[in-house]
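Worksheet for the structure shown next.
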Amino acid sequence: ISLSALNSIPVRFGINILVKSAEDSTHYINFTSGSNDLRRPVHHTIQVENLGAREIPVSVTIRVPVKLVNTDIWSNTLGLKVPGCTVKTEDPTETDVLKKLKETQILNCSVAMCSVLSCSISVLKNRVPVIYNLTGEVSSAWLQQTQLESVRLVSSASLGFDTKQYIHRFTKSKTLINTEVQTHVEVIKVYDYKKEIIGGAAGGLLLLALITLGLYKAGFFKRGYKEMMEQQAGDADAGEDAAPPAEE
């Protein structure tokens, strides 16, 4: 093999990097149905690690759903900005976003307008995690248009590196350099018992009236009144018989 041929063979260094959702991310929140002005604190925490020996530069792209149709998902997006990262917005890839959302019940960047954060790590050191904290308050206003009782709010993150110089050690590296942070959003219906209480009371009064009417037609009250009068008359006669004779 000639020296020129050897010089043309690319040499890539093996790396072992990953991105994942941190344990302190918010996994579940709920809202009461019919309330459009509620807010719940949500944390999406993303962790980048280098498990290999070689320190390398890495790019991180984070996507966070921020608006569904014309309604904001987060009441405040200031906490979704990370120092040192540039921010831009992307429109959803789906055209009929509400239809797709009802089918999948997943609120991600395919159905929502997203905030895209582009971050750079100049040197990702071995065993020194880099943390990205995305915090804010999720509003309940956007839920009404979905007409769903359960939705998963999904942010995503992916890693990039120079593929001409580096190669991931694992063949299934796509699962290591891409991740999602999911928050289960549930709408809880509060049952209103007022109608049942009012209906039950009205039904009870109606039933009592019907029973009373039936008894009246059957002569129950007349017989009762006649028996009461006869009892009073009998008591009066018994009283007269028991009275002592008058003295002369």
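Within the stretch 46-93, work out how many residues are touching a Ser or Thr at 6+ places or on another chain (Cβ under 9 Å), buried (at least 16 other Cβ atoms within 10 Å of the Cβ) and not hydrophobic (A, V, I, L, M, F, W, C).
Here the count works out to 8.
It is to be established whether one or more residues within the stretch 7-23 are open to solvent by 60 Å² or more (accessible area, probe 1.4 Å), within 26 Å of Glu137 (Cα to Cα) and either within 28 Å of the chain's Cα centre (by Cα) or at pLDDT 90 or above (or both).
yes
Quick one: how many residues across the stretch 46-77 are of a type in the set (D, E, K, R) and more than 13 Å from Ile17 (Cβ to Cβ)?
Summing the residues that are of a type in the set (D, E, K, R) and more than 13 Å from Ile17 (Cβ to Cβ) in the stretch 46-77 gives 3.
Of the residues that make up the stretch 190-202, is at least one hydroxyl-bearing (Ser, Thr, Tyr), open to solvent by 100 Å² or more (accessible area, probe 1.4 Å) and modelled with pLDDT under 90?
Yes, the stretch 190-202 contains a residue that is hydroxyl-bearing (Ser, Thr, Tyr), open to solvent by 100 Å² or more (accessible area, probe 1.4 Å) and modelled with pLDDT under 90.
How many of the residues making up the stretch 105-134 are farther than 18 Å from Thr93 by Cα, open to solvent by less than 70 Å² (accessible area, probe 1.4 Å) and under 23 Å from the mean Cα position of the chain (by Cα)?
2
Please go through the stretch 50-91 and pick out each residue that is assigned to a loop (DSSP other than H, G, I, E, B) and closer than 18 Å to Val181 by Cα.
Residues satisfying the conditions are Ile73, Thr77, Lys81, Val82.
So which of Glu149, Glu137 ends up being surrounded by 10 or more Cβ atoms within 10 Å (Cβ to Cβ), of a type in the set (Asp, Glu) and modelled with pLDDT of 95 or more?
The unique qualifying residue is Glu137.
The values are calculated or read from the model by the stated rules, or taken from the named source; none is laboratory data. On a predicted model such as this, the values are computed, not experimentally measured, just so you know. So basically every Cβ, Gly included, is an ideal-geometry build from the backbone, and we count neighbours across all protein chains shown. We work out accessible area using only protein heavy atoms, side chains counted, and drop any ligands, DNA or RNA first. Shrake-Rupley method; radii C 1.70, N 1.55, O 1.52, S 1.80 Å.
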